[in-house]
Amino acid sequence: MESGAPPRGCGSTVNSVYYNLCDLATVWGIVVEAIAAAGVMASLILFIVLMASQRFATDKKRKAMVVLQAGVLIFTLGLFGLTFAFIVGRNSTSCSARRFLFGVLFAGCLACLLMHAVWLALLERRGCNPRGWMLCLGALAVWLVEIIVNTEWLVITVVVSPADVSDPSCSIRNQDFVMALIYVLALLLAVLVMALPSLTHKCKQWRRDGGFIMLTGIFTAVVWVAWIYMYTTGNQAVGDPSWDDPTLAVALVTNAWVFLGFYSIPELTRLSKEDPDPELPHDGQHYPARSLVYDNILKRAESTHHNVYMENKAFTVDEPPAVPAKPVSPYGSYNGQLRSCVYQPTELALIAKGMTKKDQETIIPRATLPSMPSGSSSSADPFNTDDN
């Protein structure tokens, strides 16, 4: 290094700014670079799967959250990409990207998580499904606040800077860098607070969503407390301030994987699953949404039912014959109809049927003379005047 030769693992044409990406003696740069590259690939794959799974999603309420989930993936991809700005050496471009994009990308992820938690709270409190575009506008408004704050801070500290400072974008104290992220910390606190009501949701799947948002917020808070302590106090206490950049790079990679592992992946795995709760209304209705296959089966069954039983059987079915001509099996009249579709006569029809059957079976006897023998017919005749 003293003779100007590149470190082991780097070529002679590599700029000295990028030595941390290839220096085998600087292990942290290569390790963090590999983990960040894997995170970039994972974020891209999850984003493609999220977009492709919309055709197979059956739960309309989850489909309304797709934009927020896609936003988390995009901002997480940006966090993985920003990691390389902390691995390479400092210059005006990398320092400006660090100071501006660090808070903006984290604010984007937390804004989407906050709107998802608000959606769960409204679903529990009002019992209806809020509009997805309204939540997206809310996340955009929350995110724009951090963009405005970071832009003003960057302009004040870089453009309006003392003339004797050679590189104002890199000459900023660690405490000032942390203080510029106060709004991001407020968003993190809001995510934790808004996720609490959803943990007692009536529906099991919404409780799971609230639980994953809560876990994401808790692990994010742990990562932030750790890196803030090391960045402002820990590295100076151990006498190694050169670990400031590795601390921020490790924090970015770790927190980005927290967003993927505790929010994006669980939400993506349950996007195509429908787990309706009969106690809650679905999209303002009082019945759960059914799948397309189930609807087609019902429509086909209803059309068949109407073709066979178009009219009311109580008015079209004739009375069965009272006295059959020959013995009939008791199962002869069964035609495979449903019990609700079989003719059920009224009480008046049963009475009339009983009277008709009784009249046909009962034979009224007629008065007739008893039959007499032929020999005694003349003697028994009181009007016979013949003498023997």
Considering only the stretch 112-120, I want to know if a residue exists there that is crowded, with 16+ Cβ neighbours inside 10 Å, within 17 Å of ALA256 (Cα to Cα) and touching a residue at least 60 places away in the same chain (Cβ under 8 Å).
yes
Could you check the stretch 123-139 and list, in sequence order, the residues that are surrounded by fewer than 16 Cβ atoms within 10 Å (Cβ to Cβ) and among the aliphatic types (A, V, I, L, M)?
MET134, LEU137
Go through the stretch 116-151 and report how many residues are out of contact with any Gly (no Cβ under 8 Å at 6 or more places or on another chain) and at pLDDT below 90.
14
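Here's the yes/no breakdown for (1) under 23 Å from ARG99 (Cα atoms); (2) surrounded by 15 or more Cβ atoms within 10 Å (Cβ to Cβ); (3) among the aromatic types (Phe, Trp, Tyr):
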{"residue": "LEU185", "(1), (2), (3)": "yes, yes, no"}
{"residue": "TRP206", "(1), (2), (3)": "no, yes, yes"}
{"residue": "ASP209", "(1), (2), (3)": "no, yes, no"}
{"residue": "ILE213", "(1), (2), (3)": "no, yes, no"}
{"residue": "ASN235", "(1), (2), (3)": "yes, yes, no"}
{"residue": "LEU252", "(1), (2), (3)": "yes, yes, no"}
In the stretch 20-50, what residues are open to solvent by less than 40 Å² (accessible area, probe 1.4 Å) and either assigned to a helix (DSSP H, G or I) or under 22 Å from VAL72 (Cβ atoms) (or both)?
GLY29, VAL32, ALA36, GLY39, VAL40, ALA42, SER43, LEU46, LEU50
Taking the stretch 51-104 on its own, how many of its residues are within 19 Å of ILE265 (Cβ to Cβ) and part of a helix (DSSP H, G or I)?
22
List pairs: first in the stretch 136-154 and more than 18 Å from LEU189 (Cα to Cα) and touching a residue at least 24 places away in the same chain (Cβ under 8 Å), second part of a helix (DSSP H, G or I) and aliphatic (A, V, I, L, M), Cβ under 7 Å, 6+ apart or cross-chain?
CYS136/VAL67; CYS136/LEU68; ILE147/VAL104; ASN150/VAL104
Selection from the stretch 183-206 of residues of a type outside the set (A, V, I, L, M, F, W, C), assigned to a helix (DSSP H, G or I) and touching a helix residue (DSSP H, G or I) at 6+ places or on another chain (Cβ under 6 Å) yields TYR183, PRO197, SER198
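The values are calculated or read from the model by the stated rules, or taken from the named source; none is laboratory data. These numbers were taken from a predicted model, which means no experiment stands behind them. Neighbour counts are summed over all protein chains in view; Cβ atoms, including those assigned to glycine, are modelled from backbone coordinates with ideal geometry. Heavy atoms of the whole protein, side chains included, go into the accessibility calculation; ligands, DNA and RNA do not. Shrake-Rupley method; radii C 1.70, N 1.55, O 1.52, S 1.80 Å.
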